[in-house]
Amino acid sequence: MKNLIAIICLLQVTIVLCGTRPSFVSDEMIMTAASVVNACQTQTGVATADIEAVRNGKWSEERSLKCYMYCLWEQFGLVDDKSDLSLNGMLTFFQRIPAYRIEVQTAVNECKGISKYLVHGDNCEYAYVFNKCYAKRSPKTYYLF
């Protein structure tokens, strides 16, 4: 279940047009992730309003939001020993949801390359650029807790 929640946390935004979460993000997942979300909000000082704004397609440039995204990755074990995003778990999860597998794999591969190219050594910026890219390329699967 922890890997499932980690994967979902990586998929961090709702469908922009209607502001709803993807159908596979259950209330149980949200409740399970609540302690990590609270810890990352406390650690980074991100405003709840900034998180909610992302869910509606409005991306704040606040440093706290960017670091919040990286904190989620860390807390759910999605960061490797080089501080890079590790995507194996995410891709494994979407094997169970075949309708999204190709879309997710394409978005992940594109966005990871773009993110690392644009951002050098700033983990918060890396998480933000990746998430923004991913939300654009796969809005059906992206949700920010």
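Beta carbons closer than 6 Å, at least 6 apart along the sequence or on distinct chains, pair a first residue in segment 39-53 that is acidic (Asp, Glu) with a second that is surrounded by 13 or more Cβ atoms within 10 Å (Cβ to Cβ) and modelled with pLDDT of 95 or more for Asp50/Ser60; Asp50/Glu62; Asp50/Leu65.
With respect to the conditions (1) surrounded by 15 or more Cβ atoms within 10 Å (Cβ to Cβ); (2) touching a residue at least 24 places away in the same chain (Cβ under 8 Å); (3) assigned to a loop (DSSP other than H, G, I, E, B), Ser83 falls short on a single one, namely (1). Close contacts from segment 57-71, counting a first residue that is farther than 18 Å from Tyr142 by Cα and a second that is among the β-branched types (Val, Ile, Thr) and not in a loop (DSSP other than H, G, I, E, B), with Cβ to Cβ under 6 Å and a gap of 6+ residues or different chains, come to Ser64/Thr44. Does Gly45 qualify as being out of contact with any strand residue (DSSP E or B) (no Cβ under 7 Å at 6 or more places or on another chain), at pLDDT 85 or above, farther than 16 Å from Tyr142 by Cα and not basic (Lys, Arg)? Taking the combined requirement at face value, the residue satisfies it.
In segment 117-127, the condition of being small (Gly, Ala, Ser), assigned to a loop (DSSP other than H, G, I, E, B), open to solvent by 60 Å² or more (accessible area, probe 1.4 Å) and at pLDDT below 90 is met by at least one residue.
Of the numbered criteria (1) more than 19 Å from Ser23 (Cβ to Cβ); (2) touching a residue at least 40 places away in the same chain (Cβ under 8 Å), the one Cys133 fails is (2).
Does segment 63-71 contain at least one residue that is open to solvent by 50 Å² or more (accessible area, probe 1.4 Å) and either out of contact with any helix residue (DSSP H, G or I) (no Cβ under 6 Å at 6 or more places or on another chain) or assigned to a helix (DSSP H, G or I) (or both)? Yes, that holds for at least one residue. Only residues that are of a type in the set (Gly, Ala, Ser) and open to solvent by 70 Å² or more (accessible area, probe 1.4 Å) were counted across segment 104-116, and they come to 0.
The values are calculated or read from the model by the stated rules, or taken from the named source; none is laboratory data. Remember, it's a predicted structure, so these values are computed and weren't measured experimentally. All Cβ positions, glycine included, derive from the backbone under ideal geometry; neighbour counts span all protein chains shown. Note: areas computed on protein heavy atoms with side chains; ligands, DNA, RNA excluded. Shrake-Rupley method; radii C 1.70, N 1.55, O 1.52, S 1.80 Å.
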